[in-house]
Amino acid sequence: MKRTSLLWLAINSLALAGLAVASLMITTVARAATRPHYGGVLRLAIAGPVPSLDPADATNVSGQTAIQRIAPLLFNTLTTLDERGEAQPSLALAWKSDFSSQRWELQLRPGITFSDGTLLTANAVAASLRVANPRWNVSPQGDSVIIQSDAATPELPAELALSSNSIVLREGGKLIGSGPFTAAQWGPGKSLVLSARDDYWAGRPFVDSVEIAIGRSPRDQMLSFELGRLDGVELAAEQASGAVAGGRVVNSAPDELLAIVFSRGVQSPEEGRLRQALGLAIDRNLLNTVVLHSAGEPAGGLLPNWMTGYEFLFPRSPDSQRARQIHEGINQSSAWSLGYDQTDPAARVIAERIVLNAQDAGINIRPNPAASPDAQLVRIRLVSRDAQVALSHLALMLNLATPGSQRASSQMTSSPSTADLYAVENTFLQTQCVIPLLHLRTSVALARNVHGWSEAQDGSWNLPNVWLSPEKP
Amino acid sequence: MTFRRKLLVIFALTVFISVATVAIIVSVLARRAFEKADDERTAALVAQFQHEFNRRGEEITARVAAIAASDAATRISYAFSRGDKDYAPFLGDARTIADNQQLDFLEFVDGQGTIISSAQWPAKFGYPDASLPLSQPPQNAFLKKEDLPDGEALGLFSIRRVEAGEGHDEAYVVGGSRLDKQFISGLELPAGMRAMFYENFNRGFSPQSLIDPSGSSQDPQKIASFVQHVLEQKQESTTLIHWTSNPAEDETLHAIPLRGLDNQIAGLLLVGSSRRQYVELRQQIRSATLFAGGAGLLLAILLSGWAAARVTRPVEQLAQAAREVALGNWDTRVNVHSSGEIAELADTFNHMTHELLEQREHLVRVERIAAWKELARRLAHELKNPLFPLQLTVENLVRARQQTPEQFDEIFHESSTTLLAEIANLKAIISRFSEFSRMPQPQFHSLQINDLVRDVVKLVRAQLQGPDRAAIECTMQLADTGEIAGDPELLHRVLSNLVLNAMDAMPQAGRLTLLTHAQENSVSVEVQDTGTGLTPEECARLFTPYYTSKGHGTGLGLAIVQSIVSDHGGTVSVRSGPAQGTTFTVVLPRNLDKLREQRNENQV
Amino acid sequence: MRGKMQPTVYNSRNPRMPSRPIRRSLLFSFLLIIVSGWAAAQTPNWHVPEQQLADKISAVTGPGAISLELANRSSLTRTQAEEIHRGLLQELSSLGLRSVAPEEAAATINISLSENLREYVWTAEISQGKNEPAVVIVSLPRTSATDSGHATPSIILRRTLLWSQPGRILDAALLNGTPQRLFVLDANSVTIYQMLAGRWQPQQALAISHSRPWPRDLRGRLVLRKDHLLDAYLPGVFCTTAAGISLTCHESDDPWPLGVADPPLNAFFASSRNFFTGALTPGVGKQTSAPAFFAAAPLPRDRYTLWLFTTTDGQLHLLDGFTDQSAATDWGSEIASVHSGCGSGWQVLATAQDSDDSKNDSLRIFEVPDREPFLIGQPTEFRGEITALWPQTDGASAVAVLHDSSKGEYEAYQLTLACDQ
């Protein structure tokens, strides 16, 4: 034993000299896993327009991602989705439905206050939900809220987790929430300063305040980020793989659908075959790996595989030969125009690549960023990690609702099984109105002193858990 | 046309033709000079373009060579020689490098021509670019058509192999500049010229393929056929383009085909030279000509007027004098204050009138003598005829007194009758002469000439058909002559004389025709007979008093006729020939003014 | 049909609305947890889904010759996939579908074992002739993946999974005895488990009452006592079983015990934050305060105890009763000292993050011979963040709580050090 100690001492004394060097080396490769620090100002930027902070404002489609990110900072929803996509209590502690899944009773968490000190009541919740969902019949009942709808809504708890269903106290044009932050300054469409609520029911956020610059382009954001003026910025898909000077990149699961959406339904069987051929002609893998630097995954279905488990069943590999066979003998009357977002450089390359792929299969399509093209390259965020909710929302956004699917979903009184969901999604795809291309990750570049970042699946940022280490970036 | 006018016209024409000729010559010379200058400018521009083209080519070649030697190119070449065909790391490289090197086109391709990274069409990675001459990459820059997502473009390209050391697969850098407005704008153009570029994509003429830095909003279709023509002929050509109806907008277009690497015509350099200067010059020449011509004409008119006046005044005086002479003013004289031929002419004229006057007087004198001789002869003849019976009768009485006084009484009675008859005859002769000398002035009355003719015919009709002579057929052809003013008595005598004359001319029967004609200001009466006719000499002397071709008569009849007709302001003429009969034509002015004058005089 | 059998649907976790189905689901989750704890040894029952899938395939093809290919796209192991393959073939053959070579088959069936967030999704693409393939799907709830594939490379640190649950574990304590008991502290309760038949069976849940909202980065300390069962320290709340078996909680800012040392050291915890204020009682020697810190670890020396503090400013402070020595280190904020008997006898476990963008933490072992920490061996990596690290009462082990975000579970590990000789 004594011999061992002596040996240890010898080793130690030899190694002591190298200690400083060793710890320095470790510093470069390892980062301390410290407990979160309180305090500091988190400076972020958001590209999308945010004309209004009202999460129920459905008119603002283009800024949906942005409002989804901001809304949970100011407002709470009755439920939240956990990492498995299952509804968990938030403002509602418990819920139950009747047999038909048309009437739901949600018991509210007691003692919650809005940021102005008003107590959260069933009346306030009901009023807020009515604004967001005019079709629902919402009524308060004691400390519970009753939600009734015409059709069965087995996914209501998951739906209530959507940021559009945030509980908002609307008082004389002011929007008051029960969220972790309050809006200290609001320059509509330009900037938002949030300050942490000390009395937040789920614990005060770590940072003291959050400054969000709104409507900044990704390039502008990155410039500010590299100059150290911002702590977190959104990254364009193609930027995500590159190294970010002075920071790190956090990627989400592929939660954004890149797809070709046709402006009108299939007018003839020939057109349907042409669209099918186009879907087969596109090499999604190269689009993903080369153009977007593997920022996503090739998509055959509307929802990603991690959400459904069956997405691989939809064809997504290019098959130029089969594409030719399918539309053989069909005379395409005129070239289709493919619209894309001009402000997105990657979208242009993707559109041009699609055109090249289509030409290989003998399909005539031209890139056209102008308004009202035959088909449009769109990016749609999946609002929920609940597959059914996400699919419903997608169908709504893409105008894909078919009578069959509506009937099918209205008849379901419990959550649809995966097989049901597959059938519905397959029906949507059979309309040939949409050709899924990729599921993209969303990425955020963060300064080195930003910790605890996690992005919820619906695109919202879980900023209350973010903390800033005292070290300078 | 007067002489003066002729002179004016000749002067003006001369001036006009001279000015026009000068203008045409100046215009032609100007056009030639302009075209020559135009050709020179075009040639200079083409040379400048070629120079610029070559300079750009060298610049591009240098840039492409620099890129080929850069680390980026080596990295790409290295990555692809390892066999991992991953385009992702290089997707944006071409664009970035192209931006840095100020190239419009940049592609990295592997040995097979597969695009690794493309600046102009980033999405085309992995696709082959078949148009590249990789087997024998040219050293210099070359023209090439480049496919772009939104169509085609023409560019000046250069190609370089990436020098990445041994053991590496081949990789090439293909870079270029677009032949666009900027490229063309870089050319320094003289005023009035412009350069355009037509990209030939073998699709027929397309206005979009025309690069026109001047930005003129003209109708490109107007040059479509010219462009097509040059592309078909494949050689330089020039044409004149009428952009609008305004000739100043016209443009001379010179097309120079530019050939690509495959020796096909990749594009056309179109050098446009505005015709504005030329047209304006031509306009100025035209205006100057018009002004000079106008002024010249005016001056010519003034000068020629003055000159013609100077020249023609004596001539006019002469002409006037001649007219005077013609009117009978034989003593007219011309006073010409000039010299030369005109003065000589005037002298000659004056001499001529003088001579004429003298000749006439001489003639008058001679004729008067002749007339007097004739009168004397006729008087002697007329008086001798009765005197001879008187002499015989008196001698008979004397003898009867002497020989047979018994019978003397009887004889005396008889002889005194004869004597009285002859004396009466003598008296008649004398009264006729006296009557002729006392021809009264006509008293104008309104009358119808046809009525007079009918009256005369009515009077003589009995004689015409008389048993003592051969019958004469009388016909009248009377036109509607209308009213005239004349003395009915005198005119009746005129017609009677003429009819009796005619009857006398037809002893062996014949036809008498009386015709009236109406003219605007006159009426005429013709009296035709089918008698023996007259010789020209007889015709000439017919109206001479006391001349007669007949065996009887005083020879005063026609003289009286002429005297009366003349007093009426008319004329009488004869037309005859031997065995052709004779026609007398009396032309009488209507003299209606005389009627008014007479009425006025009567009123006064 | 499901609706008829289960007319009312409830959310799964609701302590305030207890009902029969919740208890049932709780029971099910306990079973799952136990299964996961013993996953390597356990074989899940795939029979039902195999039968369902076989039935659905048979309904499409009818009896006949088929060729079957199976691809595993899920987190199931190869062995499990092969097992399912065999089971499926059996089920199919019992329905009259013979497996033959592809060229002889009337129908080709491509089975994919996939998964989504909640379920295993098994799909069968059935191709018959030139028709579009028919697709049938069955799904079954996912069990937690096991950690069996992960072997600790270090021979120094041994970890034993004590417990895992979806909710945040603040601390856990193991009470050796017969039977062995496990105490798990979370935001709402202290749950006591008992080892019966090789499985932890829940014995009792002692609710923690509190009036103020918990701070965001909630921490708690569970201390087993000799005179009574246990004390639980939470921000602003102190709970004890001193009055019996029930847990009584009251608002209190009593200092929390730090480490295992003689004399013991207590420190005051900021009730609305996640750190200790720095006020010490009774103090280290004469030092009664330190900078605000996250964790502390004692290293007993012959004549004194050297206390290591990871302060909120990211530094390491060493207090020996007289001096406060600070050093900038790359340590994480969680530290605990363990008496191993190896080396100098006491080592310090300190958290560290793998790399910048990793959510996986690692534990490193340091010797502190004098005042300079010295790294021993390789870091031990964990699949997730270490959210708590507390020494056990005996001083010979520590408990680390790991948050595995991929599974969404919190796992409590017992950490011991073994001499590598």
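The values are calculated or read from the model by the stated rules, or taken from the named source; none is laboratory data. The shown structure was predicted, so the numbers you read here are calculated from the model rather than taken from an experiment. Note that each Cβ is placed from the backbone with ideal geometry, even for glycine, and that neighbours are counted across all protein chains shown.
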| request: For the stretch C:343-364, state whether one or more residues are of a type in the set (A, V, I, L, M, F, W, C), in contact with a Cys (Cβ under 9 Å, 6 or more places away or on another chain) and more than 8 Å from chain A (Cβ to nearest Cβ). | output: no
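A quick yes/no check of all residues on (1) assigned to a helix (DSSP H, G or I); (2) of a type in the set (A, V, I, L, M, F, W, C):
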| site | (1), (2) |
| --- | --- |
| A:254 | no, no |
| A:258 | no, yes |
| A:261 | no, yes |
| A:265 | no, no |
| A:272 | yes, no |
| A:275 | yes, no |
| A:279 | yes, no |
| A:286 | yes, yes |
| A:290 | yes, yes |
| task | Assess whether residue C:87 counts as being at positive phi and at pLDDT 50 or above. | result | no
| Within the group C:248, C:281, C:240, C:277, which residue is modelled with pLDDT under 90 and either in the same structural domain as residue C:185 (by TED's automatic domain parsing) or within 20 Å of residue C:334 (Cβ to Cβ) (or both)? | C:281
| message | Within the stretch C:407-418, does at least one residue satisfy the condition of being more than 12 Å from chain A (Cβ to nearest Cβ), surrounded by fewer than 20 Cβ atoms within 10 Å (Cβ to Cβ) and outside any strand (DSSP E or B)? | response | yes
| Pick from B:592, B:515: which is modelled with pLDDT of 80 or more and surrounded by fewer than 17 Cβ atoms within 10 Å (Cβ to Cβ)? | B:592
| query | Is there any pair linking a residue in the stretch B:417-433 that is in the same structural domain as residue B:394 (by TED's automatic domain parsing) and farther than 16 Å from residue B:391 by Cβ to one that is in a helix (DSSP H, G or I) and not acidic (Asp, Glu), with Cβ under 7 Å and at least six apart or on different chains, and which? | reply | B:429/B:383
| task | Evaluate the following for residue B:152: is it buried (at least 22 other Cβ atoms within 10 Å of the Cβ) and either modelled with pLDDT under 90 or in contact with a helix residue (DSSP H, G or I) (Cβ under 8 Å, 6 or more places away or on another chain) (or both)? | result | no
| field | helices (runs of 4 or more DSSP H) contained in the stretch B:1-102 and holding at least 3 residues under 30 Å from residue B:193 (Cβ atoms) | value | B:3-68
| request: Run residue B:221 past the list (1) surrounded by 15 or more Cβ atoms within 10 Å (Cβ to Cβ); (2) in contact with a helix residue (DSSP H, G or I) (Cβ under 9 Å, 6 or more places away or on another chain) and report the number of the one that doesn't hold. | output: (1)
| request: Name, by its number, the condition in (1) within 10 Å of chain C (Cβ to nearest Cβ); (2) surrounded by fewer than 18 Cβ atoms within 10 Å (Cβ to Cβ) that does not hold for residue A:130. | output: (1)
| Can you name every residue in the stretch B:114-136 that is farther than 23 Å from residue A:346 by Cβ and within 13 Å of another protein chain (Cβ to nearest Cβ)? | B:128
| Index of the failed condition, residue A:138 passing every other in (1) in contact (Cβ under 8 Å) with a residue 40 or more places away in the chain; (2) surrounded by 20 or more Cβ atoms within 10 Å (Cβ to Cβ); (3) of a type in the set (Val, Ile, Thr) | (1)
| said: Tally up the residues in the stretch A:162-219 that are closer than 25 Å to residue A:130 by Cα, of a type in the set (Asp, Glu) and modelled with pLDDT of 90 or more, please. | reply: 0
| task | Tell me, please, whether a residue that is within 30 Å of residue C:115 (Cβ to Cβ), crowded, with 16+ Cβ neighbours inside 10 Å and not hydroxyl-bearing (Ser, Thr, Tyr) can be found in the stretch A:327-348. | result | no
| Among the listed residues B:152, B:163, B:146, which satisfies the condition of being acidic (Asp, Glu), under 27 Å from residue B:118 (Cβ atoms) and part of a loop (DSSP other than H, G, I, E, B)? | B:163
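Conditions (1) under 24 Å from residue A:46 (Cα atoms); (2) within 14 Å of another protein chain (Cβ to nearest Cβ); (3) touching a Gly at 6+ places or on another chain (Cβ under 8 Å), marked per residue:
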site: A:101; (1), (2), (3): no, yes, yes
site: A:135; (1), (2), (3): no, no, no
site: A:147; (1), (2), (3): no, yes, no
site: A:194; (1), (2), (3): yes, no, no
| message | One residue is enough: does the stretch A:426-435 have a residue meeting the conditions assigned to a strand (DSSP E or B) and modelled with pLDDT of 85 or more? | response | yes
| request: Filter the stretch C:91-120 down to the residues that are without any contact (Cβ under 8 Å) to a residue 40 or more places away in the chain and under 20 Å from residue C:140 (Cα atoms), then identify the one that is surrounded by the most Cβ atoms within 10 Å (Cβ to Cβ). | output: C:116
| request: Would you list the strands (runs of 3 or more DSSP E) that sit entirely within the stretch C:100-211 and hold 3 or more residues that are modelled with pLDDT of 90 or more, over 27 Å from residue C:45 (Cβ atoms) and more than 14 Å from chain A (Cβ to nearest Cβ)? | output: C:169-175, C:181-186, C:189-196, C:199-207
| said: Conditions first: (1) modelled with pLDDT of 80 or more; (2) at the interface with another protein chain (Cβ under 9 Å from one of its Cβ atoms). Residue A:68 passes all but one, so which condition is the exception? | reply: (2)
| In the stretch A:79-99, how many are facing chain C (nearest Cβ under 8 Å) and outside any strand (DSSP E or B)? | 7
| remark: Residues in the stretch A:269-317 that are among the β-branched types (Val, Ile, Thr) and away from every other protein chain (no Cβ under 11 Å) total 1
| Which residues, counting only those in the stretch C:56-80, are part of a helix (DSSP H, G or I) and out of contact with any Leu (no Cβ under 6 Å at 6 or more places or on another chain)? | C:56, C:57, C:59, C:60, C:61, C:78, C:79, C:80
| request: Take the residues in the stretch A:351-373 that are under 27 Å from the mean Cα position of the chain (by Cα) and charged (D, E, K, R), then tell me which one is surrounded by the fewest Cβ atoms within 10 Å (Cβ to Cβ). | output: A:352
| Scanning the stretch C:380-396 for residues that are part of a strand (DSSP E or B) and touching a residue at least 60 places away in the same chain (Cβ under 8 Å), which turns out farthest from residue A:83 (Cα to Cα)? | C:391
| task | Might you let me know whether the stretch C:322-344 holds any residue that is under 30 Å from residue C:166 (Cβ atoms), hydroxyl-bearing (Ser, Thr, Tyr), touching a strand residue (DSSP E or B) at 6+ places or on another chain (Cβ under 6 Å) and at pLDDT 90 or above? | result | no
| query | Just to be sure, is residue A:237 surrounded by 20 or more Cβ atoms within 10 Å (Cβ to Cβ), out of contact with any Gly (no Cβ under 6 Å at 6 or more places or on another chain) and under 26 Å from residue C:123 (Cα atoms)? | reply | no
